[in-house]
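Below: the structure, in structure tokens.
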């Protein structure tokens, strides 16, 4: 099943140089449609995350891109982010919603589990994330997901789904065709040989192209 409304969901590299990344982010967002950016800086202290967020928010918002904080509803609320993404071992959905309110975006990692996805959707999650679909150097994935779970999810519910894990311009088409509403990408954009702007442009071309492109 083709999903013409699939969009890009960018995630920051694990570590960033703020001035350098600010330039790369501006370039990436100039490259084409991006739905949101997740700030995922697990190895940094809170003050460093605050400084990074202060730099990132105005750039993203100038491009109408929502900004989500990974794992930390408290920092997301403090810094004025648009929402938060929580994993199964992080803050709970209920904690995230309580910290950020009903208008914020709260997404939940569900690995390859239909039960976890239903649980998150029933509680009110704004999206569920499935993965990893491909090998990734960004983190050690806890599950290997197959495109069929995206197809199944899009048939049984209207809650959006995010595909994550090793997604590149070259391997994204099966996930789009299976029904992913969003493609969460890290290295596939920031490490793209022709640069982040070219990566975003190429992803958007894949999203808009026929299934056999």
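Where a number appears in this text, it was derived from the coordinates with a stated rule and is not lab data. Just so we're clear, the structure is a prediction, and the values are computed from it rather than from any experiment. Cβ: placed from backbone, ideal geometry, glycine included. Neighbour counts: every protein chain shown.
Between 151, 201, 54, the Gaussian network model of the chain with springs among Cα atoms under 10 angstrom shows the greatest mean-square fluctuation at 54. With both labels modelled 7 Å from their Cα along Cα-to-Cβ, the residue 27 to residue 139 distance reads 2.6 nm.
Normalised Debye scattering of the stretch 15-114 at q = 0.12, 0.22, 0.24 Å⁻¹ gives log10 I(q)/I(0) of -0.38, -1.16, -1.29, counting only Cα atoms as equal scatterers and leaving out solvent. Quick note on the stretch 1-48: its Rg to Rh ratio, both from C-alpha atoms and Rh being the Kirkwood radius, is 1.07.
For the stretch 142-213, the convex hull drawn through the C-alpha positions has a volume of 97 cubic angstrom per residue.
Counting 0.36 nm for each residue step from residue 146 to residue 194 and taking away their Cα separation leaves a gain of 14.4 nm.
How many percent of all Cα-Cα pairs in the chain sit more than 28 Å apart?
Numbers: 4841 of 22578 pairs.
Tail fraction, whole percent: 21.
Label-to-label distance, residue 44 versus residue 62, with points set 7 angstrom from Cα along the beta-carbon direction: 1.8 nm. Helical content alone sets the calculated 222 nm signal of the chain at -12000 deg cm²/dmol, taking -39,500 (n - 2.57) per DSSP H segment of four or more residues and averaging over every residue.
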